[in-house]
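Notes follow once the structure below has been shown.
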Amino acid sequence: MSELKFKHVTKQYGDQAVLKGVDMTWAAGHLYGLLGRNGVGKSTLMRIVNNRTFATHGSVLLDGTSVVENEAAQNRIFLMSDAMLYPADRTVAWVFQITKALYGDFDDTRAAHLTRVFKLDPNQRLGRLSTGYKTIAKLIVALCVPCDFVLLDEPVLGLDAPFREQFYQELLATYTERPRTFVIATHLIEEIATLIDHVFVLADGRITLDEDTESLMAKGRVVSGPAGLVRDYLSGVNVLRTRSMGGMLTAYTLDAPLETPLPAGVTLEGMDLQRLFIELTAEVGTDED
Amino acid sequence: MHFDASSIVPLYQQITTQFTAGILSGAFPEGEQVPSTTEVARAYALNPATVLRGMNALVDAGLLEKRRGIGMFVVAGAQAQLRQAAQADFFDQRVGAVVAEAKTLAIPKAALVAAIERGYEE
Amino acid sequence: MKTSATNRVMLGFFARFTGATLVGALVGILISAFLFPTMLGVGRYSLTDWLIGVMGLIIGAVSLSVTGFGFQNGISRRSMTRSLLLVFAGSSALCAVGVQLAYLIARLSGARVNGLLNAYAAGLHGVASVIGLLIWLVLLFGLMVAGGIATLIMNKKTKRAAFWWGLLTYVGIGVTIAVWSFVNDLAFQQGPVVMIRAVVGLGGGQPQPLLLLLWVSLLTALVTYAFTRMMARMEILG
């Protein structure tokens, strides 16, 4: 099966290092979430994959060969970003046609369905579309290209809630019809938490979390109760962060001792992906004592 | 159906539970096709593999059957099977707990029986 | 699969992009061969040639905007460079033919055509010739590539820096010409010609079209090399 591998990818701008050795593997047929704080380098990473910018060190390999200046590899990769790189005086229909010519194929049936569902007139010129509809046009292209690795960098930026929901449904529809890899970089973690099967967290220039969503959710716990009891329960356990409110302590952890019986007065709850991400990437240290 | 992304109960298990409830209540009638993995995944923005895992548990329990090329169907007798299991569970867990609590509160057996009888009359 | 079909599509797209500017340039050349000499009287240097040169620079500069499209569709920098140079070659060939045609028509209509080229290869300007065609072809190609380089450089700078650099370059060139002209007691518009002649060893009234062709070819080759190196390192944001 196809594999896209990052080997110690570094990106430096002058003396400032954005990516400091990213090691990661994207396998075929997965829905990946690439999470990270603002400015951490998610977009840069995706642009390196799509041959829009160069890594300072390290390599990105598709089935063993570097993707840099490699048209055969780039033919199997597609990046949808906030940049609008199509000419403004051309129509949406033209973009579909030219994409088909350049990628060898295009899901015309699905494109027709999507333009209908999103109420986008394919004969509209790109320059005339609102920001939201420009995004929709690009999204439709991304969902219809025959590529094995489709990278979506903030795909729903500027879309209203109904359209966002529609997008996730359409994404799943095309994914189940033709399984391929989608990598979604987004800040709207809650919305994609249940549809991605694997999570990558990019922090401080490296991948700090690389795990299946299911096992992550099975480990994430919020422990709440009287401060003393909670601390006893979690003594020796790695805690992501704690929050205190009077005598009550709330702790966020991935290593709760689930076999140990819970003391009375202490509650144990699950932690959703967004909460996990917030606690994981918070500044080191707690906000009390 | 509703799914809680922050619950301790894993999503695939929530799927199993909700489908079970659907079969028990008759919402998914016996012999009828249940929503496909794709449908459920799309409707609730869930990963298809997760949905499949949840539904496969029902196949393993003999409540659903896969018909190649068509989909998943509720097995005949599934509802009865679930009701039996639910009833057994009711007597094992719930009734036992009620009686224990009644004893703790010094409620005489006759009073409890009378309350049960009143309940059935309503 | 990026195949020859893809290359054709891309080339077509790139060519279309420069096409509009090119059409304007051709029309401009033909018109100005008659209009400007007539309107402005006959001077030593007609505006036509400057205009053609500037158009070459603009075609080059504007054409670089197609690279965004190229990157979106997984096209390599190598392919884009090749396509751009091919389009530049085609455009400059068309333009050069247009210039020669303009000379021919002007001559036949009896208009006096005098221009930039005359200073370096006296007797050549205003006369349709093969070597004139070659000189214009190579010159225009070089100018287009130079325009492309300008865009590549500007892309790396912020808009504010680009503005100030552009202004500085423009003023710098103007000041240099003014000083040289003053020092050598020449009219301002004669300044650059004399300057370049002094450097390049042309002039003295002798027609030296081959030497001019050589110089222009050398410059164009250098500029093209610089362009390909810069394109190979091109990065885009977004």
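Per q in 0.14, 0.24, 0.33 1/Å, what log10 I(q)/I(0) does a Debye calculation on the alpha-carbon atoms of segment B:79-121 return?
-0.42, -0.86, -1.02
I'd like the carbon and sulfur percentage of the solvent accessible area for segment B:78-122, probe radius 1.4 Å, heavy atoms only, ligands and nucleic acids excluded.
58
Rolling a 1.4 Å sphere over the protein heavy atoms, what is the accessible area per residue of chain A, to the nearest Å²?
Result: 41 Å² per residue.
Enter the accessible area of A:LYS219 (Å², nearest 10), with the probe set to 1.4 Å and all protein chains included.
The accessible area of A:LYS219 comes to roughly 80 Å².
Compare A:ILE207, A:ILE184, C:ILE173 by solvent-accessible area with a 1.4 Å probe and give them largest first, with all protein chains kept in place.
Final ranking, largest accessible area leading: C:ILE173, A:ILE207, A:ILE184.
For B:GLU122, A:GLU69, give me the order by solvent-accessible area with a 1.4 Å probe, most accessible first, ignoring ligands, DNA and RNA.
Order by accessible area, largest first: B:GLU122, A:GLU69.
In square angstrom and rounded to 100, what buried accessible area do you get between chains A and B, total over both, with the probe at 1.4 Å?
Result for this pair: about 1400 Å² buried.
How many percent of Cα pairs in segment A:157-289 exceed 22 Å?
For segment A:157-289, the fraction of Cα-Cα distances above 22 Å is 48 percent.
Residues of segment C:52-78 losing 20 Å² or more of accessible surface, assembly versus chain alone, probe 1.4 Å, please list them.
C:GLY68, C:PHE69, C:PHE71, C:GLN72, C:ASN73, C:GLY74, C:SER76, C:ARG77, C:ARG78
Work through the residues other than A:ALA185 whose Cβ is under 9 Å from its Cβ and net out their charges, Lys, Arg +1 and Asp, Glu -1.
-1
If the elastic network links every pair of Cα atoms under 10 Å, which of A:PRO155, A:PRO261, A:PRO87 fluctuates the most in the Gaussian network model of chain A?
A:PRO261
With the contact rule set at Cα under 8 Å and sequence spacing of 6 or more, what percent relative contact order holds for segment A:198-289?
So the answer I get is 31 percent.
Using protein chains only and a probe of 1.4 angstrom, how many square angstrom of A:TYR233 are accessible, to the nearest 10?
Accessible surface of A:TYR233 is approximately 20 Å².
Segment A:53-91: which residues show an accessible-area loss of 50 Å² or more, assembly versus chain alone, 1.4 Å probe?
A:PHE54, A:GLU69, A:GLU71, A:LEU85
Would you mind checking the pairs A:LYS42/C:LYS157; A:LYS11/C:LYS156; A:LYS100/C:LYS157 and listing those with alpha carbons more than 27 angstrom apart?
Going by Cα-Cα distance, A:LYS100/C:LYS157 fall outside the 27 Å limit.
Can you send over the carbon and sulfur percentage of the accessible area for segment A:105-160, probe radius 1.4 Å, protein chains only?
Here it works out to 47 percent.
Counting pairs of Cα atoms in chain B, how many percent are more than 24 Å apart?
43
If you count, for every residue in A:37-47, the Cβ atoms of partner chains within 10 Å of its Cβ, what is the mean?
For peptide A:37-47, the averaged partner shielding equals 1.
Could you check what % of the DSSP bridge pairs in chain A are antiparallel, to the nearest 5?
70
Can you tell me the relative contact order of chain A? Whole percent, Cα pairs under 8 Å, sequence separation 6 or more.
The normalised contact order for chain A reaches 20 percent.
Report the GluC sites (Glu not before Pro) located in segment B:1-109 that are in a DSSP loop and have at most 13 other Cβ atoms inside 10 Å of their Cβ, or state none.
Loop-located and lightly packed - B:GLU32.
Rounded, prolate or oblate, given the Cα gyration tensor of chain A, with a/c below 1.5 counting as rounded?
In terms of gyration-tensor shape, prolate.
Two-decimal Rg/Rh of segment A:43-195 from alpha-carbon positions, Kirkwood Rh?
0.95
Can you put C:PHE163, A:PHE182, A:PHE96 in order of accessible area, largest first, using a 1.4 Å probe?
Of C:PHE163, A:PHE182, A:PHE96, the descending order of accessible area is C:PHE163, A:PHE96, A:PHE182.
Accessible area per residue for segment B:11-76 in Å², computed with a 1.4 Å probe and the full protein assembly in place, what is it?
I get 48 Å² per residue for this part.
Can you list, largest first and rounded to whole Å, the semi-axes you get for segment B:11-76 by taking the square root of 5 times each eigenvalue of its Cα gyration tensor?
17, 13, 11
Determine the total buried accessible area between chain A and chain C, counting protein heavy atoms only with a 1.4 Å probe; round to the nearest 100 Å².
Roughly 2600 Å² of accessible surface disappears when A and C pair.
In percent, what relative contact order does segment B:11-76 have, based on Cα pairs under 8 Å that are 6 or more apart in sequence?
41
The values are calculated or read from the model by the stated rules, or taken from the named source; none is laboratory data. These figures come from a predicted structure and were not determined experimentally. Glycine gets a Cβ as well: all are built from the backbone with ideal geometry, and neighbour counts include every protein chain shown. With ligands, DNA and RNA removed, areas are computed over all heavy atoms of the protein, side chains included. Shrake-Rupley method; radii C 1.70, N 1.55, O 1.52, S 1.80 Å.
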